[in-house]
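Asker: Before anything else, here's the structure in question.
Just so it is clear, none of the values below were taken in a lab; they were calculated from the coordinates. Because the structure is a prediction, the values reported are computed rather than measured. Reconstructed Cβ throughout: ideal geometry from the backbone, glycine too, with neighbour counts over all protein chains shown.
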Amino acid sequence: MRLDGLDIARFLAFVGMVLVNFRIAAEVTGVGDLPSTIIDLLEGRAAALFVVLAGIGLGLSRAGMALVSRRAVFLIVLGMINVTIFEADILHYYGTYFLCVLPLLTAPARALWTAAVAVALIAYAGLIFGNYDAGWDWDALVYADFWTVTGYLRHTFYNGWHPVLPWLSFLMIGMALSRLDLGSPAIRLRIALYGALACIAGLIPAALTADPDLTDLLSTAPIPPTPFYILSATGSACVVIAACLWAGPALMRSRLTRTLSLAGRQSLTLYLAHILIGMGTMDTLGLLNGSLSNAAVLWISLSFCAACLIYAHLWQYVAKRGPLEALMRKLAG
């Protein structure tokens, strides 16, 4: 049985990523107003939700190592092409996450939770004892040696936009959640309650200290990603997933809201579209130069997402799968 709530959650994650990525591409910084605050709250959270959902999907698919490997390679290749356009691409990370969890595809939930915690702690040790700034020009958000072997590995596994350490934890947590009976109201309630507690718990350490030297080590910001960020972002992801699972059946009864699910099933296609079409159009119009306000970024992003819903509604009459989803199925299985 397909859980339409998960597709709805995927689209919501996509909307959040559009808001965040459009602001990054437009070189706009937060200024404390309401639109800025909304986008700030989504930074790192929308992408984390996306990865947790990928883990749930991977777990529910029960795909074997060969199939997962082929799809991982497809995503890495597609992502590396995309990096030449948008450096904060997440697809090549996705593919790498999939390769890393191959030995855990059939692991029980407890093993996955344990592995997720271990990955987060290993990453934290790297943050404390390593040079997290290596390769970065933080002012320009440019990674100097990405296209070298050393730079690529460092960026992918240690200090890139969504490094394996610790972002792999999100995928493992999603896989662990897939081991639950997500159709059960009681399970959904537990996911929501534990998620809310985790979200709040992750915020507490930073709130209890005024020492600026500890700020980065206790932060729930996505860069640098601390265990407190992993905890809090996992919590918010769980709350959204539980809410969508609860609301899914009701939303599917309406033709309008059913489109949310249709769009969520094309998350790969829409992700590339928001870069190639969305950012491409903004670039053509000369809007990627820091001239926009956060309010403008918000409305442009929401308008683009509305256009995506219209597209998804119309595409259902053309094909069962989105263009890139169909291509991946054809090339990788």
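Asker: Can you name the helices (runs of 4 or more DSSP H) wholly within region 78-165 that have at least 2 residues being under 16 Å from the mean Cα position of the chain (by Cα) and either under 24 Å from Thr29 (Cβ atoms) or in contact (Cβ under 8 Å) with a residue 40 or more places away in the chain (or both)? Don't jump to the end; show me each part of the working.
Answerer: Values: elements: 91-100, 109-129, 149-154.
Of the helices (runs of 4 or more DSSP H) lying wholly inside region 78-165, those with at least 2 residues that are under 16 Å from the mean Cα position of the chain (by Cα) and either under 24 Å from Thr29 (Cβ atoms) or in contact (Cβ under 8 Å) with a residue 40 or more places away in the chain (or both) span 91-100.
Asker: Could I ask something else about it? Among all residue pairs at least 6 apart or on different chains, which show Cβ distances below 8 Å where the first residue, located in region 227-254, is over 20 Å from Glu43 (Cα atoms) and the second is among the hydroxyl-bearing types (Ser, Thr, Tyr) and surrounded by fewer than 18 Cβ atoms within 10 Å (Cβ to Cβ)?
Answerer: As it stands, the answer is Leu251/Thr257, since those pairs meet every condition given.
Asker: Which pairs have Cβ atoms under 6 Å, sit 6 or more apart or on different chains, and link a residue in region 180-202 that is within 17 Å of Asp4 (Cα to Cα) to one that is surrounded by fewer than 14 Cβ atoms within 10 Å (Cβ to Cβ)?
Answerer: That search, which allows pairs on different chains as well, returns Ile187/Asp181.
Asker: Sticking with this one: If you go through region 31-51 one residue at a time, do you hit one that is within 15 Å of the chain's Cα centre (by Cα), assigned to a loop (DSSP other than H, G, I, E, B) and crowded, with 22+ Cβ neighbours inside 10 Å?
Answerer: Looking for residues that are within 15 Å of the chain's Cα centre (by Cα), assigned to a loop (DSSP other than H, G, I, E, B) and crowded, with 22+ Cβ neighbours inside 10 Å, one finds at least one in region 31-51, hence yes.
Asker: Mind checking which residues of region 238-281 are crowded, with 20+ Cβ neighbours inside 10 Å and farther than 30 Å from Gly202 by Cβ?
Answerer: Residues satisfying the conditions are Thr259, Leu262, Arg265, Gln266, Thr269, Leu272, Ala273, Gly278, Met279.
Asker: Select from region 175-208 the residues that are touching a helix residue (DSSP H, G or I) at 6+ places or on another chain (Cβ under 6 Å), of a type outside the set (A, V, I, L, M) and not in a helix (DSSP H, G or I) and list them in ascending order.
Answerer: Those that are touching a helix residue (DSSP H, G or I) at 6+ places or on another chain (Cβ under 6 Å), of a type outside the set (A, V, I, L, M) and not in a helix (DSSP H, G or I): Arg179, Asp181.
Asker: Looking at (1) of a type in the set (Asp, Glu); (2) out of contact with any helix residue (DSSP H, G or I) (no Cβ under 6 Å at 6 or more places or on another chain); (3) more than 18 Å from Pro224 (Cα to Cα), which is the only condition Asp137 fails?
Answerer: Of everything listed in (1) of a type in the set (Asp, Glu); (2) out of contact with any helix residue (DSSP H, G or I) (no Cβ under 6 Å at 6 or more places or on another chain); (3) more than 18 Å from Pro224 (Cα to Cα), Asp137 misses just condition (3).
Asker: Moving on. Against the conditions (1) part of a helix (DSSP H, G or I); (2) surrounded by 15 or more Cβ atoms within 10 Å (Cβ to Cβ), where does Pro222 fall short? Just the number, please.
Answerer: (1)
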